[in-house]
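Report on the structure given below.
The values are calculated or read from the model by the stated rules, or taken from the named source; none is laboratory data. Keep in mind that this is a model prediction, so the values were computed, not measured. Reconstructed Cβ throughout: ideal geometry from the backbone, glycine too, with neighbour counts over all protein chains shown. When the accessible area is computed, the model is the full protein with side chains, heavy atoms only, and any ligands, DNA or RNA have been set aside. Shrake-Rupley method; radii C 1.70, N 1.55, O 1.52, S 1.80 Å.
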Amino acid sequence: MSSQIALEEYDLALKKGQKEYRELVMAGKDPYPAVLDDILPQYGIESVQQVGLLEIPAQRIVGNKSAGRISAFTATFMPLLDRNSEFAAKWVNLCEAHLGETGIRDPIECFEFLGEFYVQEGNKRVSVLRHFGSPKIPGNVTRILPTPSDSPRIRAYYEFLEFFRQSRLYTVQFRRPGDYAKLLSHLGKRKDEPWTKMEQNTFNSYFHYFRDAFEKQDLKGNDILPEEALLLWLELYP
């Protein structure tokens, strides 16, 4: 593949980034990736675990570990720097690899906190792969556990850890205690029952269909996640 094609892809990604930046600013939202180092002091750290290599849902990659170079990306890791920059040249090289015979082989290095992922190394890889719509991105994951508390979000996260041990899925991240148990009940799965690879793939596929349909609805002002809507759906349509 020629460098010219890769450069044209950068121009397309840059346009997407500029559009996203304008829309987020107009909505009063932060246009850049979140910074984990700024979030952690709000919660405290219980412990740190090495999870290993995972196929990370691309939409769950929401930020960087530190604040360095976050202004080069939008919140969804679309590029913001000029096509003549050194950053753009490195992005184009990765794009050539992705579309060529070798592909992007190296996993990113990242931290997981409360079910979201923050990149330590490999943010340009994330940018290229998300530009091309890759649903999953391989990453070596370090998990940071928050200090246990009575907060519904923290309690739900510790329930997620039990759910993850059997399902190996990051696809859904509930905010309310008890929702993982409801999901397992709807699916006819026991809490201690391991998921087969086929069950993992089937759930992911159908949830992606549901999420895409849900996100096309005009639900501005409604604070509900796709996975929360799924529970309501399954009550009506088991």
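Summary table
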{"read-out": "At 1.002 mPa s and 20 °C, Stokes diffusion of region 95-179 via Kirkwood alpha-carbon radius, µm² per second", "value": "147 µm²/s"}
{"read-out": "Inter-probe distance in nm under a simple model that places probes 7 Å from Cα toward Cβ, at residue 60 and residue 121", "value": "2.2 nm"}
{"read-out": "Kirkwood hydrodynamic radius of region 126-171, from inverse mean 1/r over distinct Cα pairs, in Å", "value": "12.9 Å"}
{"read-out": "Nearest-0.05 FRET efficiency for residue 90 and residue 198, computed from C-beta distance (R0 22 Å)", "value": "0.05"}
{"read-out": "Stokes-Einstein translational diffusion, region 85-137 - Kirkwood Rh over all Cα pairs, 0.890 mPa s, 25 °C, in µm²/s", "value": "208 µm²/s"}
{"read-out": "For region 91-238, share of DSSP beta bridges that run antiparallel, in % to the nearest 5", "value": "50 percent"}
{"read-out": "Cα-based convex hull volume of region 1-111 per residue, rounded to whole Å³", "value": "119 Å³"}
{"read-out": "Loop-located trypsin sites (Lys or Arg not before Pro) in region 1-45, at most 13 other Cβ atoms within 10 Å (DSSP)", "value": "29"}
{"read-out": "Residues in region 161-178 reached by a label modelled at residue 47 [backbone nitrogen below 18 Å; 7 Å Cα→Cβ]", "value": "161-166"}
{"read-out": "In Å, descending, principal axis extents of the Cα set of region 146-237", "value": "35, 34, 21"}
{"read-out": "Segment residue 19-residue 105, extension gain: residue separation times 0.36 nm, minus the distance between their alpha carbons", "value": "28.0 nm"}
{"read-out": "With all protein chains modelled, accessible area of residue 82 [1.4 Å, Å²]", "value": "90 Å²"}
{"read-out": "Tilt relative to the chain, helix 3-26 - C-alpha long axis, 0 to 90 degrees, to 10", "value": "60 degrees"}
